[in-house]
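Asks: I am attaching a structure below and will ask some questions about it afterwards.
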């Protein structure tokens, strides 16, 4: 069964340099992700991080720190960047995007991850999917972290989860 590509949170809130959640190398991962999306065809899922209508538990403190993010899912900051026009997205109010909907979409196939940020939503998704028994490949040069050091550390952590989580470059995945 062919693996599914999940493009994690390629949203305006992480692309915009004036955003408090700007991911510095965001623009650099757009081209490799475009190549992956083209190669995977119909086997692509885009995800979005969105704020809950009413934060609960520890999320209350999180949104006290980031009040700008308490916007509805249709707010411009939560839209996938204009370079991509997904027909639907898997939305989650959590960092990890391994939701029941994502699990249904992936089925018994493997999961290939690209997107932002490596040290938050990509990491959270990879580990949850691996725990569920899914073979995960993280495309290291098609992910961007909150900074270079955090990106590298997150990749190092995910390497520890081999063979459940593997790292590969765009060229290796497409080769």
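The values are calculated or read from the model by the stated rules, or taken from the named source; none is laboratory data. A quick note: this is a predicted structure, and the numbers were derived from the prediction, not measured. Every residue, glycine among them, receives a Cβ derived from its backbone with ideal geometry; neighbour counts consider all protein chains shown.
Asks: Look at residue 172 and say whether it is farther than 17 Å from residue 8 by Cβ and touching a strand residue (DSSP E or B) at 6+ places or on another chain (Cβ under 9 Å).
Replies: yes
Asks: Taking the conditions exactly as written (more than 26 Å from residue 152 (Cα to Cα) and either at pLDDT 95 or above or surrounded by 20 or more Cβ atoms within 10 Å (Cβ to Cβ) (or both)), does residue 55 satisfy them or not?
Replies: Judged against the criteria, residue 55 is a match.
Asks: Just to be sure, is residue 126 under 20 Å from residue 16 (Cα atoms) and in contact with a helix residue (DSSP H, G or I) (Cβ under 7 Å, 6 or more places away or on another chain)?
Replies: Considered against the rule, which asks whether it is under 20 Å from residue 16 (Cα atoms) and in contact with a helix residue (DSSP H, G or I) (Cβ under 7 Å, 6 or more places away or on another chain), residue 126 comes out as no.
Asks: Any idea which of (1) touching a residue at least 12 places away in the same chain (Cβ under 8 Å); (2) within 23 Å of residue 17 (Cα to Cα) is the one residue 74 doesn't satisfy?
Replies: Here residue 74 clears every test but (1).
Asks: Name the residues in region 132-175 that are in a loop (DSSP other than H, G, I, E, B) and over 15 Å from the mean Cα position of the chain (by Cα), would you?
Replies: Selection gives 132, 133, 134, 135, 147, 160, 161, 162, 163, 164, 169, 175.
Asks: Would you say residue 91 is under 24 Å from residue 26 (Cα atoms), assigned to a strand (DSSP E or B) and within 13 Å of the chain's Cα centre (by Cα)?
Replies: yes
Asks: Criterion first (in a helix (DSSP H, G or I) and modelled with pLDDT of 95 or more) does residue 129 satisfy it?
Replies: yes
Asks: Give the residue, chosen from 24, 86, 17, that is closer than 19 Å to residue 146 by Cα and within 16 Å of the chain's Cα centre (by Cα).
Replies: 24
Here's the yes/no breakdown for (1) farther than 20 Å from residue 168 by Cα; (2) without any contact (Cβ under 8 Å) to a residue 60 or more places away in the chain; (3) touching a helix residue (DSSP H, G or I) at 6+ places or on another chain (Cβ under 7 Å); (4) assigned to a loop (DSSP other than H, G, I, E, B):
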position: 19; (1), (2), (3), (4): yes, yes, yes, yes
position: 24; (1), (2), (3), (4): yes, no, no, yes
position: 27; (1), (2), (3), (4): no, yes, no, no
position: 31; (1), (2), (3), (4): no, yes, no, no
position: 34; (1), (2), (3), (4): no, yes, no, no
position: 37; (1), (2), (3), (4): no, yes, no, no
position: 42; (1), (2), (3), (4): yes, yes, no, yes
position: 47; (1), (2), (3), (4): yes, no, no, no
position: 52; (1), (2), (3), (4): yes, yes, yes, yes
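Asks: Could you list, in sequence order, the residues of region 94-111 that are crowded, with 24+ Cβ neighbours inside 10 Å, over 9 Å from the mean Cα position of the chain (by Cα) and in contact (Cβ under 8 Å) with a residue 60 or more places away in the chain?
Replies: Residue satisfying the conditions is 111 alone.
Asks: Residue check, residue 108 against (1) in contact with a strand residue (DSSP E or B) (Cβ under 7 Å, 6 or more places away or on another chain); (2) part of a loop (DSSP other than H, G, I, E, B), all met but one. Which one?
Replies: Of the numbered conditions (1) in contact with a strand residue (DSSP E or B) (Cβ under 7 Å, 6 or more places away or on another chain); (2) part of a loop (DSSP other than H, G, I, E, B), the odd one out for residue 108 is (1).
Asks: Quickly run through region 122-141 and pick out the residues that are in contact with a strand residue (DSSP E or B) (Cβ under 8 Å, 6 or more places away or on another chain) and crowded, with 24+ Cβ neighbours inside 10 Å.
Replies: Residues satisfying the conditions are 122, 125, 126, 129, 136, 138, 139.
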